[in-house]
Structures are given as structure tokens and as C-alpha cells.
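Nothing in this text is a laboratory measurement; each read-out follows from the coordinates by a stated rule. None of these values were measured; they are calculated from a predicted model. Glycine gets a Cβ as well: all are built from the backbone with ideal geometry, and neighbour counts include every protein chain shown.
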Amino acid sequence: MAISADVIIAGGGVIGTAIAWRAAAAGLATVVIDPQAGDAAALVAAGMLAPVSESLFGEDALLRLNLLAVARFPSFAAELEEATGRIVGLRREGTLAVAYDPDDHAALARLTGFRRSVGLDAEELDSRACRRLEPFLAPGVRGGVLFAGDWSVDNRRYAAALRVAAQAAGARFLRDRVSAVRVGNDGAAAGVRLADGSEVDGAAVVVAAGCWSAGIDGLPGTVRDAVRPVKGQLLRLRCPANVPPVLGHTIRALVRGTDLYLVPRADGELVVGATSEERGHDVTVTAGAVHDLLHDAMSVLPVTSELALAETCAGLRPGTPDNGPIVGPGGPAGLLVATGHYRNGILLSAVTADAVAACLTGEPPAPEWEPFAPQRFGALARPA
Ligand code: GLY
């Protein structure tokens with residue numbers, strides 16, 4: 001039987017599913033199409049909501065968007081918990097950034113100076129004060145900075161709750177791959193073609209397929225060229241049963257010049273990440289990455305060596321040339337793009353859903369989105 005919908009979403013990761021929830025809740029007949037269930041970048045992620053500790057020199061527009069996102073996240077998560085009866089594990093203890101050696105300390109001080117200069121909250125702490133906050137930190141840690149505005153969420157619980165909420169609101173999920181966006185004789189999006197050649201009709205198509213967006217025909221070539229996979233490898237460690245979690249805050253560490261994060265969960269899980277590798281679509285977990293992550297983790301948090309190594313995993317962040325997401329109308333009328341969320345997919349999921357739902361219902365998205373329109377990479381006229 002031919003399928004048709006008001007909105008077709010290519011991609012069932014956290015971005016596509018968040019959009020599906022809001023679109024279905026707005027009364028639109030919504031279909032999400034994804035070939036996989038359970039291996040999206042969002043499931044590999046650590047769930048940091050980190051506008052401050054992810055902010056870098058020269059990324060002011062992205063910082064403004066990420067601050068909007070973190071301000072929106074609690075109400076979005078609360079509504080999600082209310083709609084599903086599920087707990088998503090939002091934690092607001094803040095993030096403690098620490099430095100391992102003197103060079104790391106100097107680098108952290110430079111970044112902190114920049115973050116303060118743009119008005120962000122950053123409390124510098126000496127080594128002893130860091131260990132008062134987190135007693136399991138190595139005594140050699142040089143010092144740190146508390147970023148109270150950086151939180152976390154249990155990304156797997158969050159992603160699962162989004163799917164439940166989307167389905168409860170009426171969204172349908174198809175296990176298939178979108179190979180192309182179809183355009184009708186009027187030049188507007190008319191639906192999608194699937195990998196087996198079958199078609200789904202829809203007046204609006206949202207491409208939210210992360211790094212796989214680049215493989216969807218009918219998207220403007222400038223957008224396809226802008227998205228690339230950036231591999232991240234992570235570890236999931238686990239405290240023994242009946243032992244309290246070893247951390248209360250997310251730790252960001254600079255260890256001999258390498259970035260590391262350790263994200264605790266209330267249930268005793270500790271997520272350790274992440275590599276950042278340009279290796280195409282390869283998702284092999286390598287011995288070297290596991291070694292390096294554990295070695296760096298044990299340098300700042302020696303008790304890591306006592307924890308169970310519960311899982312190793314690798315995912316593909318959808319990177320873009322300016323590290324910003326690509327969200328907005330994508331060329332033909334009815335085609336919307338919501339991809340390229342790179343290191344901030346979980347954080348940006350709620351405001352992306354708001355922005356896309358606004359576009360679908362004829363409202364303007366928040367002004368923070370203006371710098372992230374698809375046409376910033378070039379004209380959208382020519383589908384590739
Ligand atoms: N947001 C952290 C990462 O992408 O590794």
C-alpha cells in the first residue's frame with residue numbers, strides 16, 4: 001500500500017526523532033525513515049550539554065545557539081518525561097574542567113580567559129579545591145575551572161524517550177533507507193525514494209540523516225559536500241554494584257594536550273570519551289584508542305582502573321566546515337535540512353525540533369538560527 005504523510009523525516013537519530021515528536025504533536029502526519037535502529041551517533045554519545053566547555057575562539061554564533069539550546073533543554077526534557085513517564089537523567093551539577101600538567105594548565109587558562117571575556121560563568125579552582133569537589137581526582141591535577149552552566153543527560157534514555165513520545169503522538173517509523181528526495185513538476189518536494197525504488201509521498205521532507213545526509217540525492221550539492229563523518233570512540237565503565245558513583249560532576253580534562261571527558265550517571269555508569277578522527281565511515285573500535293582513553297582517564301582519575309569496562313563503541317559525528325549545524329529550508333519548497341550537528345547533537349536536539357516545527361507550521365525560527373542556514377555554503381538551486 002502506498003504511504004503518504006504530511007512530513008517525511010529521513011533519519012531516526014535524536015534529531016530526526018525530536019523533530020518527529022514536535023511535528024506529530026503539532027498535528028502533522030509524520031513518517032520517520034531510517035535503515036537502522038539503535039546505532040545512531042546519539043546513542044554512542046556521552047550526553048554532555050556543554051555550551052561553555054565546548055566553546056572555542058571564533059565560534060561566537062555557535063556559542064549563542066548552544067546557550068539558547070541549554071536554556072531550552074530542561075523544559076523540553078520535563079515535557080518529554082511528562083509525556084512518556086520516563087526519566088531522561090538530566091543532571092545540573094556542572095562541569096569541572098581540570099588540567100593535568102603545566103602546559104595543560106596554561107591552555108585551560110587561555111580558554112577560560114576567552115570564555116569569561118564573552119560573559120560565560122567560569123570559577124577557577126586550585127588543585128585542592130578541585131579535589132574537594134571530586135575526591136577521586138589525582139593529587140597531581142594542576143587546577144581547574146568549574147563551568148556551572150554545562151550539564152548532561154543520559155543520551156540513551158533520552159533517545160528512547162523521544163521515540164516513545166513521537167510514536168505516542170502518532171509518528172510512524174519505517175525501517176528503510178531514503179536514497180533521494182523527489183521533486184514534483186511544480187519544483188517543490190513531493191516525497192522520497194527508498195533504496196528499493198519504492199516511493200513515499202509527502203508535502204514536506206526533512207533530511208536529518210546526520211553524516212549520511214551527504215548520500216541523499218536531491219539535496220543541493222553544496223549541502224551534501226558540507227557534511228562529513230568525524231569518528232568518535234568512547235568507553236562505558238561501570239562502578240561495582242552497591243558502590244556509589246566515583247564522580248558527581250562531569251569532568252573535562254586536558255591531559256598532555258589531549259581532550260578527555262568523563263561523564264557520570266546516577267546508576268554508576270561512567271562514559272569516557274572521545275577520539276576525534278577523520279576516517280570516513282569506519283566505526284572500528286581500535287585497541288590504540290581504548291588504550292589512550294583509559295591511560296588518560298587513569299592519569300586524572302586513578303580509580304578508573306578499578307571499574308568494569310562495560311562497553312566500547314564508535315560513532316560518526318556529522319561534521320561541517322565551520323562546526324555549526326545546517327538547519328533550514330534546503331532549496332525546493334518543502335525541503336528542510338536538519339543535519340551537521342557535529343559535537344552538539346544532543347544539546348541542539350530540542351531547539352532543532354523547535355526550529356523545524358516552526359518552519360513546518362509557517363512560524364519564524366529563533367534568530368539564533370540565522371547563521372546556520374543551508375545557503376551559507378553556497379547556492380541551493382542545483383540539486384546534486
Ligand atoms: N560532544 C562531545 C563529542 O562529540 O565528543
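The table below gives the values:
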| read-out | value |
| --- | --- |
| Hull volume in cubic angstrom per residue (convex hull over the Cα atoms of the stretch 224-373) | 141 |
| Mean-position separation - Cα centroids, the stretch 347-366 and the stretch 1-56, in angstrom | 12 |
| Gaussian network model of the chain, Cα within-10 Å springs - most flexible of 118, 303, 70 | 118 |
| Computed log₁₀ I(q)/I(0) - Debye formula, equal Cα scatterers, no solvent, the chain, q 0.07 Å⁻¹ | -0.31 |
| Average Cα contact separation per residue, the chain, under 8 Å, 6 or more apart, as relative contact order % | 24 |
| Relative compactness, the stretch 182-235, computed as alpha-carbon Rg over 2.2 N^0.38 Å | 1.37 |
| Unit charges on C-beta of K, R, D, E only; dipole of the stretch 198-284, Debye | 520 |
| Length gained when the stretch residue 79-residue 116 is fully extended (0.36 nm per residue, less Cα-Cα span) | 10.1 nm |
| Cα coordinate range in the stretch 44-103, projected on the principal axes (Å, largest first) | 47, 28, 22 |
| Residue among 266, 25, 180 with the largest mean-square fluctuation in a Gaussian network model of the chain, springs linking Cα atoms under 10 Å | 266 |
| For the stretch 1-112, alpha-carbon Rg relative to the globular expectation (2.2 N^0.38 Å, N residues) | 1.40 |
| Kirkwood Rh in Å, taken over all unlike Cα pairs in the stretch 138-194 | 16.5 |
| The stretch 216-261, Rg to Rh (Cα coordinates; Rh as Kirkwood inverse mean 1/r) | 1.26 |
| Stretch gain in nm, segment residue 129-residue 361, where the contour uses 0.36 nm per residue and the Cα spacing is subtracted | 78.5 nm |
| Whole-Å distance, taken between Cα centres, linking the stretch 278-309 and the stretch 170-187 | 39 |
| Dipole magnitude of the chain, debye to nearest 20 (Cβ charges: Lys/Arg +1, Asp/Glu -1, about Cα centre) | 220 |
| In nm, spacing of pseudo-spin labels at residue 64 and residue 86 (7 Å Cα→C-beta vector) | 3.4 |
